[in-house]
Amino acid sequence: MGKRVCVIDGQGGGIGAELVKSLKTVYDESIEIIALGTNAVATSQMMKAGAARGASGENAIVQTLKSADLIVGPIAVSWANAMLGEVTPRIAESVSTSAALKILFPLTQERVEIIGVKREPLPHLIEAFLKGKINEVL
């Protein structure tokens with residue numbers, strides 16, 4: 001098995017599911033995709049999309065990120081109390097301090113505006129992701 005890619009999402013898991021599906025299509029079995037949901041629904045959606053393994057909740061996320069080669073998800077996974085409080089301070093810290101490369105998508109429901117980032121639909125962002133820096137890591 002190749003590199004360990006941790007996809008983190010919360011709430012309904014829709015962004016994470018799309019990321020998992022795209023990674024699975026391009027990299028198939030050459031990488032290990034681990035779905036990390038802030039809740040069971042998010043994890044379930046990412047598992048249905050093709051993640052090899054999955055876990056839910058704060059401790060599972062914190063412990064699994066210690067062995068990640070790449071962390072992928074919406075930018076809010078690095079913000080304490082984001083996603084209606086599902087991203088705990090401990091989750092945000094574990095994402096931020098991980099030695100893994102982090103590729104975070106500028107999608108958020110929080111009251112934050114990210115200057116210098118053009119708003120794009122998720123499929124366009126995923127296309128750019130699959131053509132970008134990820135190839136240096138995987």
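The values are calculated or read from the model by the stated rules, or taken from the named source; none is laboratory data. On a predicted model such as this, the values are computed, not experimentally measured, just so you know. For neighbour counting, all protein chains shown are included, and Cβ atoms are generated from backbone atoms with ideal geometry for every residue, glycine included.
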All conditions in (1) aliphatic (A, V, I, L, M); (2) modelled with pLDDT of 95 or more; (3) under 14 Å from the mean Cα position of the chain (by Cα); (4) in a loop (DSSP other than H, G, I, E, B) are true of A99 except (3)
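Taking L19, is it within 14 Å of the chain's Cα centre (by Cα) and buried (at least 17 other Cβ atoms within 10 Å of the Cβ)? Step through it out loud before you land on a result.
Details: within 14 Å of the chain's Cα centre (by Cα): yes; buried (at least 17 other Cβ atoms within 10 Å of the Cβ): yes.
Spelling it out, L19 is indeed within 14 Å of the chain's Cα centre (by Cα) and buried (at least 17 other Cβ atoms within 10 Å of the Cβ).
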I'm told E32 meets every condition in (1) farther than 22 Å from L138 by Cβ; (2) surrounded by 16 or more Cβ atoms within 10 Å (Cβ to Cβ) except one. Can you identify the failing condition by its number?
(1)
Residue within the range 50-64 that is farther than 18 Å from I126 by Cα, among the hydroxyl-bearing types (S, T, Y) and in contact (Cβ under 8 Å) with a residue 60 or more places away in the chain present:
no
Within the range 52-59, can one find any residue that is hydrophobic (A, V, I, L, M, F, W, C), buried (at least 17 other Cβ atoms within 10 Å of the Cβ), touching a strand residue (DSSP E or B) at 6+ places or on another chain (Cβ under 6 Å) and outside any strand (DSSP E or B)?
no
The residue that is nearest to P123 (Cα to Cα), considering only those in the range 68-93 that are among the acidic types (D, E) and surrounded by fewer than 18 Cβ atoms within 10 Å (Cβ to Cβ), is D69
